[in-house]
1. Using a 7 Å offset from the Cα along the Cα-to-Cβ direction at both LYS57 and GLU17, what is the distance between the two label points in nm, to one decimal?
2. Using the Cα atoms of the stretch 61-109, I'd like the radius of gyration and the largest Cα-Cα distance, Dmax, both in angstrom.
3. Between ASP106 and ALA66, how many nm apart are label points set 7 Å from Cα along the C-beta direction?
4. For the chain, give me the percentage of DSSP beta bridges that are antiparallel, rounded to the nearest 5 percent.
5. Taking the number of other C-beta atoms within 10 Å as the exposure measure, put SER60, SER103, SER24, SER90 in order starting with the fewest.
6. With a ≥ b ≥ c taken as the square roots of the eigenvalues of the C-alpha gyration tensor of the stretch 23-94, please select rounded if a/c is under 1.5 and otherwise prolate if a/b is larger than b/c or oblate if it is not?
Amino acid sequence: MTFHQTATSDSNTWPFEDAPNTVSATTTHVIHHGQPILFVFHDAEDGGWQFHADGPKTMSDCLLVAIRTVYRHDPTIADVADLPLGWEASRTAIGQPWTRQQSPPDESE
C-alpha cells in the first residue's frame, strides 16, 4: 500500500510535498493525549510519514490519520517537511532543534 500523494494547488502554504489528506501513522498518545511529537520517520519503502511521541507503544495505540490532522496538532513538524525518504528526525522537546539522520536499513528485508 502506498501512502504518498501529490500535493494540491495550495502547496505554497502547505509545507509538505504530500497532500494534506495523505494518510500518516501516529498514535493515540499524540492525537488523543496531546503528547509532543518527538520522532518523525519518512519511510523509504512507501513514502509514508510516521509521527511519534516518546515512550512505549502497542498496536492498539496506532492510528492512521491525514497528515493535516498531525500538522494541526503540532505545526512545528513543518520544520521536517523536507525530510528525505528513508530519513528520520528526533528532538528532545517541542521548540528544540530536530536532529536528522538516515534511517537504518530494515532488518526484515
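Readers should treat all values here as calculations from the given coordinates under stated rules, not as data from a laboratory. A quick note: this is a predicted structure, and the numbers were derived from the prediction, not measured. All Cβ positions, even for glycine, are placed from backbone atoms using ideal geometry, and neighbour counts span all protein chains on display.
1. That separation, rounded to one decimal, is 2.3 nm.
2. 12.7, 35
3. Distance between label points: 2.7 nm.
4. Rounded to the nearest five, the antiparallel share is 90 percent.
5. Ranked by crowding around the Cβ, least crowded first: SER60, SER103, SER90, SER24.
6. Values: a/c = 1.42, a/b = 1.22, b/c = 1.16.
Cα axes put the stretch 23-94 in the rounded bin.
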